[in-house]
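A short write-up of the structure that comes next.
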Amino acid sequence: MIMGSNKEIIAYKTLCDKLFNYGVFPVCLIPSINDDLSFDDNDLVRLKQMINFCDGIVLQGGEELNDLDVLIAKYLYEIDIPVLGICLGMQIMGKAFDGVVLNDADHNISKDYVHYVKVDKKSKLFDIIGKEYIYVNSKHHDRVYFTKLDVVGYCGDVIEALEDKNKKFFIGVQWHPEFLDDSNSDRLFNEFILACKNYRNNI
């Protein structure tokens with residue numbers, strides 16, 4: 001998991017507990033980064049080396065998107081390691097592929113289920129969840145306005161899910177499945193973890 005903010009590196013307990021429940025041992029990857037979010041080529045190389053020891057990456061939620069996040073998302077795509085992006089993580093994935101992220105969404109609501117997401121029936125996400133409409137939580141102010149990744153989930157005009165179906169697992173969702181105990185979240189995490197196991201075994 002990767003998460004960088006001004007002076008703190010945070011691994012959210014709810015997400016870690018969720019992964020533990022699936023028998024996964026999460027490790028927080030801590031990049032070398034300055035207080036002003038600057039970094040150099042050596043910092044990037046070290047982080048890539050840490051990623052190479054992993055079976056999969058969760059780009060978790062957070063508050064601030066930075067250039068290192070974007071470069072790492074491109075690297076994850078390049079090596080085709082399984083990636084699950086959550087909230088900010090999805091925004092990072094979108095930004096990495098010529099995306100535009102805007103701060104004009106008002107979807108930060110403290111309820112388990114807030115709105116529906118319409119899932120593209122031709123998407124990998126639909127293959128996993130098996131439903132065209134699902135209800136999700138919502139805790140974000142920013143949103144992906146444009147990206148070259150496949151947009152596979154909407155709520156009105158807000159992009160709620162992105163993917164590249166040609167990758168082993170490269171899916172980002174705008175909601176927080178780690179907070180939800182339902183079959184949709186269970187299927188998403190199970191499929192991600194299966195992809196991680198297959199990646200480890202070169203399948």
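I'm checking my understanding of the structure. Among residues of segment 10-53 that are touching a Pro at 6+ places or on another chain (Cβ under 9 Å), of a type outside the set (A, V, I, L, M) and crowded, with 18+ Cβ neighbours inside 10 Å, which one is nearest to ILE193 (Cα to Cα)? Residue satisfying both the conditions and the ranking: LYS18.
Considered as a group, the residues in segment 86-111 that are touching an Asp or Glu at 6+ places or on another chain (Cβ under 9 Å) and not hydrophobic (A, V, I, L, M, F, W, C) include one that is farthest from GLY61 (Cα to Cα), and that residue is ASP104. Contact annotation: residue pairs with Cβ atoms under 6 Å, 6 or more positions apart or on different chains, pairing a residue in segment 76-94 that is in contact (Cβ under 8 Å) with a residue 40 or more places away in the chain with a partner that is polar (S, T, N, Q) and surrounded by fewer than 24 Cβ atoms within 10 Å (Cβ to Cβ), are GLY94/THR147. If the condition is being surrounded by 21 or more Cβ atoms within 10 Å (Cβ to Cβ) and either under 16 Å from LEU102 (Cβ atoms) or touching a Lys or Arg at 6+ places or on another chain (Cβ under 6 Å) (or both), then segment 128-137 contributes only ILE129.
How many residues does segment 95-117 hold that are small (Gly, Ala, Ser), over 15 Å from HIS141 (Cβ atoms) and either in contact with a strand residue (DSSP E or B) (Cβ under 9 Å, 6 or more places away or on another chain) or without any contact (Cβ under 8 Å) to a residue 24 or more places away in the chain (or both)? The number of residues fulfilling the criteria is 1.
Please find, among GLY94, GLY56, the residue that is within 13 Å of VAL173 (Cβ to Cβ) and either under 16 Å from the mean Cα position of the chain (by Cα) or at pLDDT below 95 (or both).
None of the others qualify; the one that does is GLY94.
The values are calculated or read from the model by the stated rules, or taken from the named source; none is laboratory data. None of these values were measured; they are calculated from a predicted model. In this analysis, Cβ positions are derived from the backbone assuming ideal geometry, glycine residues included, and neighbour counts consider all displayed protein chains.
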